[in-house]
Every structure is written in structure tokens, then in C-alpha cells.
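Following: one structure in C-alpha cells, then a few remarks.
The values are calculated or read from the model by the stated rules, or taken from the named source; none is laboratory data. What you are looking at is a predicted structure, and each value in this text was computed from that prediction instead of being measured. In this analysis, Cβ positions are derived from the backbone assuming ideal geometry, glycine residues included, and neighbour counts consider all displayed protein chains. In case anyone asks, the SASA skips ligands and DNA or RNA and just uses the protein heavy atoms, side chains included. Shrake-Rupley method; radii C 1.70, N 1.55, O 1.52, S 1.80 Å.
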Amino acid sequence: MINYLIPFLIGFSLVVAGILLFIKNGKVRGLIVYPSIGIIVITVMILLGFYVNGTTFPTYENAEWVNYGMLGIELCLMLVIVHLSIKHNKFPVCIFSIVQTAMIFWLELFGPKVEEKSNILVDRLSVMMCIIVSVIGGLICVYAVGYMHGYHKHHKEYKDRRPFFFFVLFVFLGAMFGLVLSDNLLWIDFFWEVTSLSSFLLIGYTKTSEAINNSFTALWMNLLGGLALAGAIVYSAMKYKTVHLSSIIELGINTKGAAGLVLILALLAFAGLTKSAQMPFSTWLLGAMVAPTPTSALLHSATMVKAGVYLLLRLGPALNGNIAGYMVSVIGGFTFFVASMLAISQSDAKKVLAYSTISNLGLITACAGAGRVETIWAGVFLVIFHAVSKSMLFQDVGAVENSLGSRNIEDMDNLIVKLPRLAVIMMIGIAGMFLAPFGMLISKWAALKAFVEVRNPLLVLLVAFGSATTTFYWMKWFGKLIGLNNTPRIKDITKNNEVVSLYIHAVLMVVLGICFPALSTYVVEPMLADLKFTGSKSVLEHGNFVVVIIMLIAVFVIPMVMYLASRHINKTTVMTYMSGANTGDNKFFINSFGKNTRLFMTNWYMEDLFGEKRLLKTSLILATAVLVVAMCVMAGGVLK
């Protein structure tokens, strides 16, 4: 059984994808999706069980037929990209795909002989990523069954291509399993390209001009990262006779500062930066908002961007203390700070979530670039909590939009009365992003503490002020949800499968908060040993553990006190104070000319200070300059 477990996990997702491509009936599609996700999750849990029991997994060292099969498929993917690029007059995109594929073909067919080593890597980090992909990605697929039915019911202007949509979703899941379980960089490159093409197809689903342009933006940026990945593979094979990620990391740890290795690490990290939407490559993820909500949830939480930070976290120990690591940490910290400021100026809920994703990925990237035990610990927890919270929030915003007819945060005023079920879930998701005892806040504290200890003032300032602006935009949104007035409840049209996914996410978020100390002790700290951190002390020391327990108690005590108190509060509606000029219904007031004027309250979004026109272009230029200078310095070191 163990011999076929990993091939089954990848292959089963692809087989289901092929079946769904031909299923047009919605009910039949649901009958296929639900058990298929169950089988995938069970398979991942079996994988986890084998790993926990110390089972030795097959290495698949002599898998030449797999390598040639991947080459054939990669050629087909290149032809698809070339065809679509020519069709839509996006000719420069062809170059990245052709050059990348040509480099891999040359290496496979004519390149130097490299070390023979296991092509598969199963450790705590890869298993954790499989759990995230299967559970969070699977729940998004379950949610999508109901959501896409309502989507096409309300958007009749778009062609119904649901069979193709679900085909790409399951291809995406299969590719992610292959990517996180591979140690051979040639295999990683193959699955990397599949995820890039999948995201391109999902973003362009509606086939509008905006969707097509945004999908090509995502494609060329990710292909640029793929080109850097291919360059790292070829250079590593020629200079160090290896194409295995674990070997490169080990060499990087043991020979710190070697110019050739630093350049390889930088190229690999560059690929991770593009995939995780770090500046100056963040615009592709913002453009993904044009796609249906399940696409946004999948790209932002469980698949695309997590592939980038997964690679960066794995590289973390080798990035510590060299220029490649400094490049990564500065870009990550800068992205964290700027994206959190840009989020302040947004009233579109999906755009706030998009900038929040870019911002949090920036913090994870900064943690990976620092390469210290505390920062990697923080980065892993950020990945876990961000995946659950962001998936839940995107799905909830989609459900609110279907019922409310808007996803503008200003229209969510008093949502706790209008749509109480969806409002509570949204509040849990927002709390998970920035309140204790959820891991996002504690992870930020651990990262900040580590940056203070290494006396890196730039990262200390970026993380401190980025955390402050993060609190600002989340509190604005949170406050809108709980405002009370006499607004009537509206009909909640969320379908049962969407509700099931949302409830499971909410329960997962609460359970993760409760189990935070146990996760640290039994999951994340042993994971650090897998990543070559040896002899490290517990990040959560005794005193910190007590603080966590106090915060856990607060999670239960404070809501209980509020609930008990609310039962005895006079529920009479209190008029907003307008100097006695109210008309009695909280909807109008009498202005200075004696006329009735509509009364409304709105957040201040400070677009003049933090808007995209003010910050985005300048930030992209600065980030580009940092990358260009760093890469030139490293290339110059190799040429010496």
C-alpha cells in the first residue's frame, strides 16, 4: 500500500478532474465532488499515520519513465501557453515559457550526470502542507458546488463553464500534492508550471477582457519565477551535480557565503517571491479578484501562494545570514508594511482580503528570509492560521454578496442583524487574523522578538508599523458588523454545502486557537528539527505559555460575560445623537435649512494617504530596485 500512496494521492485528483470535465449536471457533480474530497482527505490522513509511525516511504529514485512523461506533458503545457498567447496577442509571454521548457529539456536530455537521490520528500512540513491542501482546498471545492450554481444564476452574462472550472480545481489540488512532496527540483518545476497554468485558467474563467488581461498578468509573472527556478536547476546541476532541493539546502547551510550557492538560493527564492505575490509581483493576486469567489479562496489560502511560501520556508535555514536571505526578508517586510497600508484605503471586502493576503505573505516571507528558529516557527504558524482564516473569509464574503447584493464593507453595517449566521462566521475569521489567542498575533510577536534580538531595526520598524496598520483596517471592518440599529433581517440564501464548509472552517479556527500550545510542542517544534534546526529551545517558554493559557481563558470568559450581560440590557433602539435634530427613525435628520437629510455613517478610508494611486506604483518601483540590486550583486560575486 505504501508504494502507491503518494502516486494515488496525485493521480486520484487528476482522474477526478478528468471525470468532472464531462459532467454537466450539478447534482451529479456534487455526488462526485463530495466523496472525492473525502477520499483525498482520508488518503492524506493515512499518509500522516504512516509518517507518525516512522514508516519509510519509497524513494522513486529510478523513475526515468516519470521524468520523460513529465517532459512530454511540459511540452504540451508550453504549446498550450504559446497558442493562448498568440490568440490573445500576448506574444512576450511565449518567450518565458519556451525558454524555461528549453532549459529543462536540455538538462534532461543532454545535461551533466547528477546525483541519484530520493525524488520524494516526506517530512512534517510537506505533510502539513498536504493537510492544508486537502482540508482547506477540499472544503473550497465543496463550497464551490453550491456557490457556482448561484453564481451563474445571478450572472447570466457569463457562459456556464462549470465542468471546466471543477476540472481545473482538481488539477490544481493534484499539482500541489506533487509540488510539496517532491525533492527533485525537476519534479517541482513541472508541478510549478501546472499550478501557474491552472491559476491562469481560473482567473480567466469569465473570459471578459479584464479577466483575460488579469490572467495573463498572473501567467507572465509566475512564468518569470518559473524561469528563475529553471535557471537555478540548470546551474546547480552543472556546478554542484545535484537537482535535489534537500542537497542544495544542506550545501547552503554547510558552506555559508559561497557565491554559487547563494545565487542558486536567490534564484529559488525569486521563484518563491513571484508565486507568493510579493512586491513587485503582487498585482497578479489583486487581479485574481475578477474570478469567482472559490478561485480567490483557493489561490489565497490553500494552493498558489502557499506554494511560494512553502519553498521559502524550506529554504529558510540556508538563507540565514547571506545576501539572498537579506533580499528575501527586506522584500517580505516591505510588502507586509505597504500592503497593510493599502488595505486601509479599500472598501471592497475582497480587495481588503487580497491586500491582507499579500501583507501576511510578506510577513511569512520576512520570517523565511531571516532563517532563525523563532522566525521559521512564526512563519509556519502564520501559514496554518492564514490558510484557515482567509479561506473562511473569502467564502463568507461570497455568501454575503449573494444575499446582500454587495461586497462593499459599508453595506455590511449591522450585518449581525441582517445576516447573523454569516456575520458571526465573518467575525471569527477576522478575529483569527489579528486577535489573541489565534496564532497570527502570537506569531507576529515571535517574529518581532526575533528581529529585535538580531538588531535589525529596519525589519523591527516594518513589522511593528505593519502590525499596527493591520489592526486598524480589521477593526474598521469588525466594527461595521456589530453596529446595532433598527435594520431588518434579510433572507440568507446561502446553500447548505456552502454553510457546511463555513461551519467547518469556523470550528477549525477555534480549535486551532485552543490547541495552539500543543501544536507548538508536538508539531511545529519537531518540524524545525526536520528543517535542520538542531538544539533549539522551545519558542514558547514557560512564562509565555502562561500568557497563552490566560488568553485562551479570555476567549471563553469574555464572550460569556457579554452574552449574559446582553440578556438584561434594555433593547430599546437609541437614536444617534444629532444635537436634537433627529427625525425619530435613525434614518434622517433636520439640516440647517430645515430639510430632512439622510443620515449615514461611514468609515474613513484615507485614500489620499494610503490609496493605490498614492502608494502602489512607488512601492513596486522600490521593490524592483531592491531585487535588481541584490541579484546583480550576487551575479557579480559568481563572475568574480
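With (1) of a type in the set (A, V, I, L, M, F, W, C); (2) touching a residue at least 60 places away in the same chain (Cβ under 8 Å); (3) in a helix (DSSP H, G or I) as the list, and Ile46 as the residue in question, which single condition is left unmet?
Condition not satisfied by Ile46: (2).
Take the residues in the range 56-89 that are hydroxyl-bearing (Ser, Thr, Tyr) and open to solvent by 50 Å² or more (accessible area, probe 1.4 Å), then tell me which one is modelled with the lowest pLDDT.
Checking each candidate, the answer is Thr59.
Residues in the range 493-515: is at least one assigned to a helix (DSSP H, G or I), out of contact with any helix residue (DSSP H, G or I) (no Cβ under 9 Å at 6 or more places or on another chain) and modelled with pLDDT under 85?
No, the range 493-515 has no match at all.
For Thr43, state whether it is of a type in the set (S, T, N, Q), under 29 Å from the mean Cα position of the chain (by Cα) and either at pLDDT 90 or above or surrounded by fewer than 21 Cβ atoms within 10 Å (Cβ to Cβ) (or both).
For Thr43, the condition - of a type in the set (S, T, N, Q), under 29 Å from the mean Cα position of the chain (by Cα) and either at pLDDT 90 or above or surrounded by fewer than 21 Cβ atoms within 10 Å (Cβ to Cβ) (or both) - is met.
One line per residue, one yes/no per condition, for (1) open to solvent by less than 10 Å² (accessible area, probe 1.4 Å); (2) assigned to a helix (DSSP H, G or I):
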position: Leu251; (1), (2): no, yes
position: Leu261; (1), (2): yes, yes
position: Phe281; (1), (2): no, no
position: Trp284; (1), (2): yes, yes
position: Pro294; (1), (2): yes, yes
position: Gly333; (1), (2): yes, yes
position: Phe337; (1), (2): no, yes
position: Asn360; (1), (2): yes, yes
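Is it the case that some residue within the range 201-216 is aromatic (Phe, Trp, Tyr) and either open to solvent by 20 Å² or more (accessible area, probe 1.4 Å) or touching a strand residue (DSSP E or B) at 6+ places or on another chain (Cβ under 8 Å) (or both)?
no
If a residue has to be more than 16 Å from the chain's Cα centre (by Cα) and either closer than 19 Å to Lys90 by Cβ or surrounded by fewer than 21 Cβ atoms within 10 Å (Cβ to Cβ) (or both) to count, how many in the range 166-199 make the cut?
The qualifying residues number 2.
Just to verify a result, which residue in the range 443-471, among those that are among the charged types (D, E, K, R) and closer than 16 Å to Ala378 by Cα, is surrounded by the most Cβ atoms within 10 Å (Cβ to Cβ)?
Per the criteria, the residue is Lys444.
State whether one or more residues within the range 74-95 are within 20 Å of Ser247 (Cα to Cα), assigned to a helix (DSSP H, G or I) and either without any contact (Cβ under 8 Å) to a residue 24 or more places away in the chain or not basic (Lys, Arg) (or both).
Within the range 74-95, none of the residues are within 20 Å of Ser247 (Cα to Cα), assigned to a helix (DSSP H, G or I) and either without any contact (Cβ under 8 Å) to a residue 24 or more places away in the chain or not basic (Lys, Arg) (or both).
Just to verify a result, which residue in the range 89-114, among those that are more than 30 Å from the chain's Cα centre (by Cα) and aromatic (Phe, Trp, Tyr), is farthest from Leu223 (Cα to Cα)?
So, considering only residues that are more than 30 Å from the chain's Cα centre (by Cα) and aromatic (Phe, Trp, Tyr), the one farthest from Leu223 (Cα to Cα) is Phe110.
Examine the range 125-140 for a residue that is crowded, with 24+ Cβ neighbours inside 10 Å, at pLDDT 90 or above and over 17 Å from the mean Cα position of the chain (by Cα), and state whether such a residue exists.
no
Residues in the range 586-640 that are among the aromatic types (Phe, Trp, Tyr), open to solvent by 40 Å² or more (accessible area, probe 1.4 Å), assigned to a loop (DSSP other than H, G, I, E, B) and at pLDDT 75 or above: how many?
2
When you go through (1) in contact with a Lys or Arg (Cβ under 9 Å, 6 or more places away or on another chain); (2) open to solvent by 10 Å² or more (accessible area, probe 1.4 Å) one by one for Gly316, which number turns out not to apply?
(2) is the only condition that Gly316 fails.
With the condition kept exactly as written, say whether any residue in the range 386-394 is in contact with a Leu (Cβ under 7 Å, 6 or more places away or on another chain) and more than 25 Å from Ile344 (Cβ to Cβ).
No: zero hits.
Scan the range 301-326 and report the pairs whose first residue is over 29 Å from Met392 (Cβ atoms) and in a helix (DSSP H, G or I) and whose second residue is open to solvent by 10 Å² or more (accessible area, probe 1.4 Å) and of a type in the set (D, E, K, R), with Cβ atoms within less than 6 Å and a gap of 6+ or a chain change.
As it stands, the answer is Pro317/Lys532, since those pairs meet every condition given.
Give the residue, chosen from Leu441, Leu415, Leu422, Leu404, that is without any contact (Cβ under 8 Å) to a residue 60 or more places away in the chain and within 30 Å of Gly137 (Cβ to Cβ).
It is Leu441.
Where the second residue is open to solvent by 100 Å² or more (accessible area, probe 1.4 Å) and the first is touching a residue at least 24 places away in the same chain (Cβ under 8 Å) and lies in the range 51-70, which pairs have Cβ atoms under 7 Å and are six or more apart or on separate chains?
Glu61/Glu116
Across the range 1-37, which residue is surrounded by the most Cβ atoms within 10 Å (Cβ to Cβ) among those that are over 28 Å from Gly69 (Cα atoms) and in contact (Cβ under 8 Å) with a residue 40 or more places away in the chain?
By that ranking, first place goes to Arg29.
Going by the structure shown, is Ala269 under 30 Å from His152 (Cβ atoms), buried (at least 24 other Cβ atoms within 10 Å of the Cβ) and at pLDDT 85 or above?
The answer is no for Ala269.
Within the range 400-408, does at least one residue satisfy the condition of being of a type in the set (A, V, I, L, M, F, W, C) and in contact with a Phe, Trp or Tyr (Cβ under 8 Å, 6 or more places away or on another chain)?
Looking through the range 400-408, none of the residues is of a type in the set (A, V, I, L, M, F, W, C) and in contact with a Phe, Trp or Tyr (Cβ under 8 Å, 6 or more places away or on another chain).
Which one of the conditions (1) under 29 Å from Ile428 (Cα atoms); (2) of a type in the set (Ser, Thr, Tyr); (3) modelled with pLDDT of 80 or more does Thr572 fail to meet, given that it meets all the rest?
(3)
Might you let me know whether the range 137-159 holds any residue that is under 30 Å from Lys390 (Cβ atoms), among the aromatic types (Phe, Trp, Tyr) and assigned to a loop (DSSP other than H, G, I, E, B)?
Taking every residue of the range 137-159 in turn, at least one turns out to be under 30 Å from Lys390 (Cβ atoms), among the aromatic types (Phe, Trp, Tyr) and assigned to a loop (DSSP other than H, G, I, E, B).
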